[in-house]
Amino acid sequence: MTSAGQPIHADILIHDAMVLTMDEERRFFENGSVAVSGDEILEVGPSEELKGKYRASRTIDGRNKILMPGLVNVHTHAPMTIYRGAADDLPLKEWLYDHIFPLEAVFTSKIENLKAGMRLAIAEMLLSGTTMFKDMYYFTDELASVVAETGMRATLSEGVFDNPTPSNAGGDKTLDYIDGAIQNWQHHPLVRQGVAAHAAYTVSPGLIVKAKELARRHDTMLSIHLSENQWEVDTIREMYGATPVKHLENLGVLDRQTLAVHCVILSDEDINSLAGSNTGVAHSPQCNMKLANGAAPVPELLKRGVHVGVGTDGVASNNDLDMFDEIRSMSLLHKLTSNSTTVISAKEAVEMATITGAKAIGYDDRIGSLEEGKKADMILINLGKPHSKPLYNVYSSLVYSLRGSDVEMVIVNGEVLVEQRQLQRMDLSAVYEDIERIAHEISAFQRRKQAR
């Protein structure tokens with residue numbers, strides 16, 4: 001109530017839900033409410049207090065539902081949805097050089113293909129509870145407008161290579177492009193631009209340093225694939241006499257605004273370097289399993305204080321963008337490989353998909369938890385299906401029982417983007433029509449290639 005005893009206005013009041021805040025105290029309200037004004041959270045607390053305190057333009061009944069922060073996907077190649085299933089069951093080097101790069105040379109250069117792929121990816125992510133994603137691909141300046149039209153939150157990072165890419169001439173030309181993209185989108189409330197050096201085996205040391213300098217100049221992050229498999233580690237040792245992590249440390253590019261992607265093959269010294277530099281790590285367990293790269297030492301990274309977030313990677317190597325599926329796989333994978341039932345607990349898995357992931361990409365001041373003053377990014381999960389019953393522990397249910405398809409409502413920046421599992425801003429039938437056209441063209445290309 002105000003000092004005059006009148007209710008406080010809110011735009012949205014979600015009431016009588018099981019509210020999982022993921023704040024510093026990890027507060028959980030069995031019967032809680034969240035009040036939203038504009039794009040921010042006004043208050044989180046017991047329903048008996050908030051229902052009388054706020055008068056909202058819209059009230060949402062949260063009974064028999066979990067209300068929690070939207071999931072944070074820290075590593076994707078979203079437009080690559082157009083290549084889903086086009087090159088499966090292959091080793092990383094063969095998959096990348098013999099299949100993905102040739103496909104990209106023909107189809108990724110067409111911006112309309114990527115716009116269609118981006119729309120499909122965002123639809124899939126929203127419908128499975130992701131409200132923020134950090135992407136690494138091409139044409140990020142042009143694709144940012146597609147993300148903005150959907151209402152999604154994202155950071156798009158243009159891929160830097162020594163050689164030409166589908167969108168740029170490579171090298172310094174790509175850096176110039178990124179510089180312009182960052183400036184074009186620096187004031188947008190939802191979409192930001194970052195910098196992405198592809199990997200130490202595709203980007204020369206000098207260009208990696210320049211990419212990091214550009215990121216520092218604009219106070220944004222550098223992302224880089226790092227120590228993804230043994231082949232990469234052996235290659236970098238042969239080229240530079242150091243592990244990939246040590247190589248980047250020697251270049252001076254590891255810090256809190258660098259996101260190291262994968263980090264599967266790490267020495268003890270590598271882990272110390274990542275922890276000591278406060279470098280964030282993106283863990284993509286399903287991709288690592290599918291490409292037989294191994295299991296990253298995530299339990300040890302977490303033990304040493306590294307902020308490890310969860311990323312689906314692109315669907316060409318996963319093949320979906322469902323973060324619920326990803327965190328379930330993650331928890332089970334590390335229990336198996338460590339021969340311990342206690343590593344990557346359900347609580348840790350949910351943390352990694354929300355607040356810890358937000359920390360890994362430098363967004364924890366805005367998202368990742370439900371707290372007063374943070375952005376209103378949240379999801380409402382329906383508990384009305386057989387696999388959701390009974391519920392003894394909310395973390396265990398989220399990781400081991402619930403699915404992305406149980407997400408009923410998605411709110412980003414205070415706007416309802418999914419309601420009753422229906423996208424509010426996107427026309428899925430039009431998206432599917434575009435994707436089917438592209439898939440037909442890709443299939444014809446692959447048949448011609450095989451016939452040669």
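Name the residue that is modelled with the highest pLDDT, counting only residues in segment 55-85 that are among the charged types (D, E, K, R) and in a loop (DSSP other than H, G, I, E, B).
Pass one, segment 55-85, residues among the charged types (D, E, K, R): 55, 58, 61, 63, 65, 84.
Then keep just the ones that are in a loop (DSSP other than H, G, I, E, B); that gives 63, 84.
Values: R63: 97, R84: 94.
Restricting to residues being among the charged types (D, E, K, R) and in a loop (DSSP other than H, G, I, E, B), the top hit is R63.
When F133 is tested against the conditions (1) aromatic (F, W, Y); (2) crowded, with 24+ Cβ neighbours inside 10 Å; (3) more than 12 Å from the chain's Cα centre (by Cα), the lone failure is (3). Can you confirm whether segment 37-50 contains a residue that is in a loop (DSSP other than H, G, I, E, B) and either crowded, with 24+ Cβ neighbours inside 10 Å or of a type in the set (S, T, N, Q) (or both)? Within segment 37-50, not a single residue is in a loop (DSSP other than H, G, I, E, B) and either crowded, with 24+ Cβ neighbours inside 10 Å or of a type in the set (S, T, N, Q) (or both).
Using the structure shown, decide if E326 is in contact with a strand residue (DSSP E or B) (Cβ under 9 Å, 6 or more places away or on another chain), assigned to a helix (DSSP H, G or I), of a type in the set (D, E, K, R) and closer than 30 Å to L380 by Cβ. Write out each step before concluding.
Numbers: in contact with a strand residue (DSSP E or B) (Cβ under 9 Å, 6 or more places away or on another chain): yes; assigned to a helix (DSSP H, G or I): yes; of a type in the set (D, E, K, R): yes; closer than 30 Å to L380 by Cβ: yes.
Criteria met by E326.
Those residues that are among the polar types (S, T, N, Q) and assigned to a helix (DSSP H, G or I), I need them from segment 177-198; list them, please. Passing the criteria: Q183, N184. Every listed requirement among (1) under 19 Å from I82 (Cβ atoms); (2) among the hydrophobic types (A, V, I, L, M, F, W, C); (3) without any contact (Cβ under 8 Å) to a residue 60 or more places away in the chain is met by A451 save one, (1).
Can you name every residue in segment 148-169 that is in a loop (DSSP other than H, G, I, E, B) and either buried (at least 23 other Cβ atoms within 10 Å of the Cβ) or of a type outside the set (A, V, I, L, M) (or both)?
Taking segment 148-169 as the starting set, the residues that turn out to be in a loop (DSSP other than H, G, I, E, B) are 151-152, 161-169.
Listed by number, the residues that qualify are G151, M152, F161, D162, N163, P164, T165, P166, S167, N168.
Restricting attention to segment 309-363, the residues that are modelled with pLDDT of 95 or more, of a type in the set (V, I, T) and under 15 Å from the mean Cα position of the chain (by Cα) total 8.
Does D427 satisfy the criteria of being surrounded by fewer than 19 Cβ atoms within 10 Å (Cβ to Cβ) and either modelled with pLDDT under 95 or not assigned by TED's automatic domain parsing to the domain that holds L274 (or both)?
Criteria met by D427.
From the residues in segment 230-261 that are hydroxyl-bearing (S, T, Y) and crowded, with 19+ Cβ neighbours inside 10 Å, which one is nearest to L214 (Cα to Cα)?
Going residue by residue through segment 230-261, those that are hydroxyl-bearing (S, T, Y) are 235, 240, 243, 258.
Now drop any that are not crowded, with 19+ Cβ neighbours inside 10 Å, which leaves 243, 258.
Working: T243: 24, T258: 12 Å.
Out of the qualifying residues, it is T258.
I need the full set of residues from segment 335-371 which are free of Cβ contacts under 8 Å to residues at least 60 places away in the same chain and buried (at least 23 other Cβ atoms within 10 Å of the Cβ), in order please.
Here is the first cut: in segment 335-371, the residues free of Cβ contacts under 8 Å to residues at least 60 places away in the same chain are 335-346, 348-349, 356, 364-366.
I344, A349, T356 - these are the residues of segment 335-371 that are free of Cβ contacts under 8 Å to residues at least 60 places away in the same chain and buried (at least 23 other Cβ atoms within 10 Å of the Cβ).
Say we look at segment 269-313 and pick out the residues that are among the small types (G, A, S) and buried (at least 24 other Cβ atoms within 10 Å of the Cβ); which of these is farthest from G85 (Cα to Cα)? Can you show your working first?
Here is the first cut: in segment 269-313, the ones among the small types (G, A, S) are 273, 275-277, 280, 282, 284, 292, 294-296, 305, 309, 311.
Restricting the remaining residues to those that are buried (at least 24 other Cβ atoms within 10 Å of the Cβ) gives 280, 282, 284, 296, 309, 311.
On the way: G280: 29, A282: 23, S284: 18, A296: 24, G309: 25, G311: 19 Å.
Only one residue tops the list, namely G280.
Of the residues making up segment 1-60, those that are hydroxyl-bearing (S, T, Y) and either touching a residue at least 40 places away in the same chain (Cβ under 8 Å) or under 18 Å from I367 (Cα atoms) (or both) are T21, S33, S37, Y54, S57, T59. Only one of A121, A105, A78 is touching a residue at least 24 places away in the same chain (Cβ under 8 Å), in contact with a helix residue (DSSP H, G or I) (Cβ under 7 Å, 6 or more places away or on another chain) and either under 30 Å from P386 (Cβ atoms) or surrounded by fewer than 24 Cβ atoms within 10 Å (Cβ to Cβ) (or both). Can you tell me which? Exactly one residue qualifies, and that residue is A121.
Please work out if Y432 is within 21 Å of the chain's Cα centre (by Cα) and either in contact (Cβ under 8 Å) with a residue 24 or more places away in the chain or part of a helix (DSSP H, G or I) (or both).
Numbers: within 21 Å of the chain's Cα centre (by Cα): no; either in contact (Cβ under 8 Å) with a residue 24 or more places away in the chain or part of a helix (DSSP H, G or I) (or both): yes.
So Y432 fails the test.
Going residue by residue through segment 404-422, is there one that turns out to be over 20 Å from I327 (Cβ atoms) and in a helix (DSSP H, G or I)? No: zero hits.
Do we find that S167 is modelled with pLDDT under 95, over 20 Å from the mean Cα position of the chain (by Cα) and more than 23 Å from T312 (Cα to Cα) in this structure? Answer is yes for this residue. Inside segment 54-75, residues that are within 18 Å of K375 (Cα to Cα) and surrounded by 24 or more Cβ atoms within 10 Å (Cβ to Cβ) make up a count of 8. Inside segment 213-229, residues that are surrounded by fewer than 23 Cβ atoms within 10 Å (Cβ to Cβ) and more than 17 Å from S317 (Cβ to Cβ) make up a count of 7.
Considering only segment 172-208, how many residues are aliphatic (A, V, I, L, M) and under 30 Å from D234 (Cα atoms)? Please lay out each step first, then the result.
As a first pass, look at segment 172-208 and keep what is aliphatic (A, V, I, L, M): 175, 178, 181-182, 190-191, 195-197, 199-200, 203, 207-208.
Then drop every residue that is not under 30 Å from D234 (Cα atoms), which leaves 175, 195-197, 199-200, 203, 207-208.
Adding up the residues that qualify gives 9.
Candidates D219, D176, D172: the one that is in contact with a helix residue (DSSP H, G or I) (Cβ under 9 Å, 6 or more places away or on another chain), without any contact (Cβ under 8 Å) to a residue 60 or more places away in the chain and charged (D, E, K, R) is D172.
So which of L226, L214, L259 is in contact with an Asp or Glu (Cβ under 9 Å, 6 or more places away or on another chain) and either among the hydroxyl-bearing types (S, T, Y) or under 15 Å from L301 (Cα atoms) (or both)? I'd like the intermediate steps shown before the answer.
On the way: L214 fails: either among the hydroxyl-bearing types (S, T, Y) or under 15 Å from L301 (Cα atoms) (or both); L259 fails: in contact with an Asp or Glu (Cβ under 9 Å, 6 or more places away or on another chain).
None of the other options fit; the residue is L226.
The values are calculated or read from the model by the stated rules, or taken from the named source; none is laboratory data. Remember, predicted model here, so these are calculated numbers, not experimental data. A quick note on method: Cβ atoms are made from the backbone with ideal geometry, for glycine too, and the neighbour counts reach across all protein chains shown.
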